[in-house]
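Take a look at the structure set out below.
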Amino acid sequence: MGKDTKQKLGFCEGNKCACLMFLVVVGAIAAVVCVTLLVEDIRDIYDHGENNSSLKWWQKTIIYQIYPRSFQDSDGDGIGDLKGIISRLDYFEYIHVDTIWLSPFFESPMKDFGYDVSNYTAIAKVFGTMEDFDELMKQAKKRGIRVIIDFVPNHSSTEHDWFNRSRHAKDDKDPFWDFYVWNDGITLANGTRVPPNNWQSVFGGPAWELDSVRDMFYYHAYLTSQADLNYRNPKVLEKIGEVIRFWMTKGVDGLRIDAIPHLFEAKDTSLNLPEPEPGEGPDLYLYTQNQPEIFDVVKQWRKIIDEFGSDRFLLAEAFGISREDRRKYYEAGSVPFYFQLIKAKARCCATAACLQGIIQEGLDISGSWPNFVIGNHDNLRIADSMGQKYADAMNLMLLTLPGTPTSYYGEELGMKGGDYKGLPPKDPKAITSGNLNNSRDSERNPMQWNSSTNAGFTSGSPWLPITKNTDYKNVNVESMKTDNTSSLNLYRRLAEIRQLPAFRTTNIVFPDKVGKVLVYERYDDQTSYLIVINVDSSPQRLDLRAGDITTGVRIFSTKSVIEERIELGNVFLQPGEGVIIRMDD
Ligand code: GLC
Ligand code: MG
C-alpha cells in the first residue's frame, strides 16, 4: 500500500487552523479518550521482528560513543579504563545498544587525551593492556556488541618513534626524512627564522613549529605536540595501512577516522591566507582543510578494510564539509558523520524550522545512508546546549530519524556536563587558545552509574570531578533503572521502537508548513508513525489530522509511559514534550 504521505501531512494552517483548533478543543473536552493503562514492553506492540535483512549491521544499529577516560574506572586511579568498560558491557544490552565506538586508548603522552598517539598498536598503560583489549573484544562479541575504534591518522604525537626518527633524519636517504610535513621556513634579513606561511592551527596560533633538533619547521593542524603525517609520502600510507590491518586482525568492526579534513595541506607552501573580505570571517583553513587528495586515501583505506570483509564500517569525522565533499566521502566507501544537529542551538536557536532544515540537509545525500549525531566529546552535552527540558525530546528525535544514530555516553540519562567554571581547564584546546569557553572538559565529565561517592565512576579521585549541577544522586543509571519515566528508560524504549520496520527504512516526510513544533512521519508500506516534538518554550496544541485519518495510538511520550488512543485533531504538548503516534489507517 504505497501511501501518498505528502498529501497525508496536509496539516492545519492559518485561519482555517485557528477555527478548526477551536472546534477541536471544544470537541476534545467531550471526547472519551481511550486509555490503555497497560504499560507493556514496547516489544509487544510490534510483531514484525527483523525484516529488511538486506541492511548491514551498521544500518540497524545505534552507535554509542565511549570516552574511555570518563566511562568507568576499574583500578581507582580516577581514570576510566578498558577493564571498566568490560565491567559495563551488560549495560548495553539493557539499553539495546549493540555498537560501541571507543575514543582513543592507544599509547599516548595524553596531551590531547589520547588524540596524540605515540604508538598506534599499543595500549596506554592508564587504560590497561593488550590483553584487556582482547578480553573486551571477546566479551563484546559474546554479547553481540560491535566495536568501532578511533583511528587518528592525521597526526601522531611528537613522542612517536616515527617523529623521533624523522627529526633526527639527516637527509632524504633516511626513510623517515619526509614522514612529517617539514619546511625550512623563511630566514629574515635580521637572521630570524619564520614559518613559510601564516597557516593557523585549529587550537590557536601558528600551525608551524620550529624543531630544534632538525632545525626545520613541522606542520601541526592541532597542538605543537601533534605533528601532521605527510600523506604525500607513500611510506606513510604503508605504515598506516599496517596499523589498520593490525586492528582489523584483532576483529574490530570499524574505524572512526579522526580529523580527516586535515589530512592534506596545499602543496604550495608559499600560499598565505588572504585577508578576509569585508564583513566576513577569515577562512583559517583554506589551504589546510578539505583538500581534494583526501578521497583517494579514504578509498585506499576502504580497500584495506575490505580485505577483512565488506561489512566493516568506516566512519569519517568530516566536519565543515560541503555537500559535494559529503558525496565524495560516501563514494570513497565511508560514511561522513553529519554533525549539524549538534550545532542547532547556536546555528538557529533549534526552532522546529531550524531542526527540520538541518535534518533535510542531512538527508540530501542522493540515496546514500544517512546518519545523525547530537553529542560528542568536543561539544556541549544536549542538556546544556538545548536545556535539560529538551534532552529527552532530542533523544527521541535522534532515535527516530532515518539512518544510523550516534549517542554520546551519558546522553541517555539526559546528563548535564560538569560545571568546571573557575577550575583550571584540562582541555588543551582551552589552554592553547586561551579561551575558556572553548573548554571541552564539561562534556567529558564522568559517567554517572549510581548514587554512591563519585557516582560509581571511580573509587579514587576522578580526573574531572563530579559537580553539583549534574545531580548525580538522581541522574544515574541505577536510580533511573527503577523509574519507568526516567530519561534512561525512555531511551531504552526508543531503542526498541527503532527496531520497528518503518524506522528501518529511510522514508520520512515533513509537513509543508513548519510551525513551532517539529513534526515528521516515518512509514513503511504497513504502518505510519508521526513524530511530534515541541521544541518551543510554550505549550502547543496541534491539529494533526491528515485526510480522513483522525485518530492514532500514542505509543511513546517523553512525559508518560501510558499508551493511549488519541484524537489527531487535538494533540497537546508541553515544552520539551515529544510523542510518537501510530496512525490509524
Ligand atoms: C578530533 C577529535 C578531537 C581532537 C582532534 C585532534 O577533532 O574529535 O577531540 O582534539 O581531532 O585529534
Ligand atoms: Mg583507571
Name the strands (runs of 3 or more DSSP E) wholly inside segment 210-314 in which the number of residues that are over 23 Å from the mean Cα position of the chain (by Cα) and more than 26 Å from residue 137 (Cβ to Cβ) is 1 or more. 216-219, 226-228
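Quick grid of which residues meet (1) closer than 20 Å to residue 111 by Cβ; (2) at pLDDT 95 or above; (3) away from ligand 2 (no atom under 16 Å from the Cβ); (4) touching a strand residue (DSSP E or B) at 6+ places or on another chain (Cβ under 9 Å):
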| site | (1), (2), (3), (4) |
| --- | --- |
| 407 | no, yes, yes, yes |
| 437 | no, no, yes, no |
| 442 | yes, yes, yes, no |
| 471 | no, yes, yes, no |
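Here is a yes/no grid of residues against (1) within 16 Å of ligand 1 (Cβ to nearest atom); (2) open to solvent by 30 Å² or more (accessible area, probe 1.4 Å):
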| residue | (1), (2) |
| --- | --- |
| 188 | no, yes |
| 202 | yes, yes |
| 219 | yes, no |
| 225 | yes, no |
The one condition in (1) in contact with a helix residue (DSSP H, G or I) (Cβ under 9 Å, 6 or more places away or on another chain); (2) part of a helix (DSSP H, G or I) that residue 90 fails to fulfil: (1)
Looking only at segment 481-511, count every residue that is among the basic types (Lys, Arg) and farther than 16 Å from residue 579 by Cβ and tell me the total. 3
Yes or no: segment 164-173 includes at least one residue that is within 16 Å of ligand 1 (Cβ to nearest atom) and within 35 Å of the chain's Cα centre (by Cα). no
Could you list all residues from segment 98-147 that are within 30 Å of residue 499 (Cβ to Cβ) and small (Gly, Ala, Ser)? 103, 140, 144
Of the residues that sit in segment 101-124 and are within 9 Å of ligand 1 (Cβ to nearest atom) and acidic (Asp, Glu), which one is surrounded by the fewest Cβ atoms within 10 Å (Cβ to Cβ)? 112
Here are some conditions: (1) in contact (Cβ under 8 Å) with a residue 24 or more places away in the chain; (2) among the polar types (S, T, N, Q); (3) open to solvent by 10 Å² or more (accessible area, probe 1.4 Å); (4) assigned by TED's automatic domain parsing to the domain that holds residue 401. Residue 87 meets all but one. Which one does it not meet? (1)
For segment 539-585, which positions are part of a strand (DSSP E or B), open to solvent by 30 Å² or more (accessible area, probe 1.4 Å) and among the aliphatic types (A, V, I, L, M)? 542
Quick one: in segment 311-324, of everything that is among the charged types (D, E, K, R) and touching a residue at least 60 places away in the same chain (Cβ under 8 Å), which residue is most open to solvent (accessible area, probe 1.4 Å)? 311
Check off (1) within 14 Å of ligand 2 (Cβ to nearest atom); (2) within 22 Å of the chain's Cα centre (by Cα) for residue 117 and give me the number that stays unchecked. (1)
Based on what the data block shows, is residue 375 buried (at least 20 other Cβ atoms within 10 Å of the Cβ), of a type in the set (Gly, Ala, Ser), within 16 Å of ligand 1 (Cβ to nearest atom) and in a loop (DSSP other than H, G, I, E, B)? yes
Select from segment 566-575 the residues that are closer than 13 Å to residue 549 by Cβ and of a type outside the set (Val, Ile, Thr) and list them in ascending order. 567, 568, 569
For segment 164-186, how many residues meet the condition of being without any contact (Cβ under 8 Å) to a residue 12 or more places away in the chain and surrounded by 15 or more Cβ atoms within 10 Å (Cβ to Cβ)? 1
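The values are calculated or read from the model by the stated rules, or taken from the named source; none is laboratory data. Remember, it's a predicted structure, so these values are computed and weren't measured experimentally. No Cβ is skipped: glycine too gets one built from the backbone with ideal geometry, and neighbour counts run over all protein chains shown. Quick note on the areas: whole protein, heavy atoms, side chains included, nothing else; ligands and nucleic acids left out. Shrake-Rupley method; radii C 1.70, N 1.55, O 1.52, S 1.80 Å.
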